[in-house]
Amino acid sequence: MPRKRHAPEEIVAKLRQVEVLTAQGRPVAEAIRSIGVTEVTFYRWRTEYGGLKGDQVKRLKELEAENARLRRAVSDLTLDKMILAEAAKGKLISPARRRDCVDRVVSKLGVTERRACLVLGQHRSTQRKVPMRPDDEAALTADIVALAVQYGRYGYRRIAALLRSAGWAVNLKRVERIWRREGLKVPQKQPKRGRLWFNDGSCLRLRPERPNHVWSYDFVEDRTHDGRKFRMLNVIDEFTRECIAIRIGRRLRSTDVIDVLSDLFVLRGAPGHIRSDNGPEFAAKAVREWIVAVGSRTAFIEPGSPWENGYCESFNARLRDELLNGEIFYSLAEAKAVIEGWRRHYNAVRPHSALGYRPPAPEVALWPAAQPRPAPPATPTIASAPLMN
């Protein structure tokens, strides 16, 4: 028969019963036997609860419960602190990183998975869900890394546009996730430029409205490996963002400007306006008279206001950031070949953010107007669609 466990109130009541019986003159041993316990138990009770009353015992129980609750709270806080100290440094943003931290905390500290998920902010269903990676994850990651190595100044948005152009059916969020997982980034953010319009919407400058409406040109300087300087004359169409030409030479004067423009006017026609700064090569009397004579108009920006020629300044920044800062030219001929190759890539391949991540002038293989065709078969067949490169 299991022994009965007495509550503190019952113990105090039995002790008071013994006190009353002994006060009536009954022997202590007889009084102890009357409460149904041994003398050892009685003296142990008297040592622990002697002199207490019923309300005091109740208060003692409340204090013991409060003390136990405080001990558990301190223990929980200490355990939470240990879990957070064991977790990875920094913010646990991704569910995969939280999952790894929960597994490490559970294995090292021996806490339950429920406790670790509560402290680290991980939902238990997310923790228990087995991540399923697509079959093409490794191939896509390899292509992203290869494009990032090839185009070191491109962010994940342009990389995603290049992937879609190559045939990948991938969205931007997946590319961004792989990009961040592989630790890829583009340093040195470009500074912000001033606005080109007032708050009421009125323009500060002539805005291009169609292709061949406004061209802009400017000079960029660089040096070959031997320290000698060379100049580049960049001509762009502001509406399509296409780089029409880059003329390279050790020295470029107003006659070279006329020579470049004359070739472009023959190939593309004369634009409505040509924008430039007030450099001596652009403001020369011969250049202005020649431009007016072929039916175009000049649009000079204000002195000290390069943001008014923002399209060309932006192109110059891309040219320097993506090519000139990372290339060593050992000769002028090498510089001409490499820069011309980059210009073709810029026009035909490189995604442009202002054009919806499409290149300014993609290369398209035109379908021939007339080709020698075989004789028609006896039974009609479905013609194959032309392939566009």
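The values are calculated or read from the model by the stated rules, or taken from the named source; none is laboratory data. Every value quoted in this text rests on a predicted model; they were computed, and no experiment measured them. As a convention, Cβ positions derive from the backbone with ideal geometry for all residues, glycine included, and neighbour counts pool all protein chains shown. For accessibility, only protein heavy atoms count, side chains too; no ligands or nucleic acids. Shrake-Rupley method; radii C 1.70, N 1.55, O 1.52, S 1.80 Å.
Observations, loosely collected:
- Cα gyration tensor category, rounded, prolate or oblate, for the range 315-361 with a/c compared to 1.5: prolate
- Close amide H pairs (under 5 Å, H built 1.01 Å from N) link residue 298 with 274, residues at least 5 positions away or on another chain.
- Close Lys-Lys pairs in the range 80-162, where close means Cα under 21 Å and separation is 8 or more or interchain: 5
- Using θ = phi - 60° in the Karplus curve 6.51 cos²θ - 1.76 cosθ + 1.60, the 3J(HN,Hα) couplings for the range 170-187 round to 9, 8, 5, 5, 5, 5, 5, 4, 5, 4, 6, 5, 7, x, 8, 6, 10, x Hz; x is entered for Gly and Pro.
- Computed on protein heavy atoms with a 1.4 Å probe, the accessible areas place 218, 135, 226 in the order 135, 226, 218, largest first.
- The 3J(HN,Hα) values that the Karplus relation (6.51, -1.76, 1.60; θ = phi - 60°) gives for the range 339-350 are, in residue order, 5, 5, x, 5, 4, 5, 5, 4, 6, 9, 10, 5 Hz. Gly and Pro appear as x.
- Pair residue 325, residue 176: separation of 7 Å Cα→Cβ label points (nm): 2.4 nm
- Surface listing: 70, 163, 118 arranged by accessible area from highest to lowest gives 118, 70, 163, probe 1.4 Å.
- Between residue 253 and residue 210, the simple spin-label model (points 7 angstrom out along Cα→Cβ) gives 3.8 nm.
- Label sites at residue 60 and residue 133, each approximated as a point 7 angstrom past Cα along Cα to Cβ, lie 6.4 nm apart.
- Solvent exposure of the range 261-358 amounts to 49 Å² per residue of accessible area, where only protein heavy atoms count and the probe is 1.4 Å.
- 5 angstrom amide H check on residue 329, placed H, neighbours 5+ away: 225
- Ordered by 1.4 Å accessible area with all protein chains kept, 345, 123 run largest first as 123, 345.
- For residue 255, the solvent-accessible surface computed with a 1.4 Å probe is close to 90 Å², ligands and nucleic acids excluded.
- Placed amide H near residue 358: partners under 5 Å, 5+ positions off or other chain: 352
- 3J(HN,Hα) along the range 123-135, derived from phi through the Karplus expression 6.51 cos²θ - 1.76 cosθ + 1.60 where θ = phi - 60°, amounts to 5, 5, 5, 5, 5, 8, 6, 7, x, 10, 8, x, 5 Hz, with x in place of Gly and Pro.
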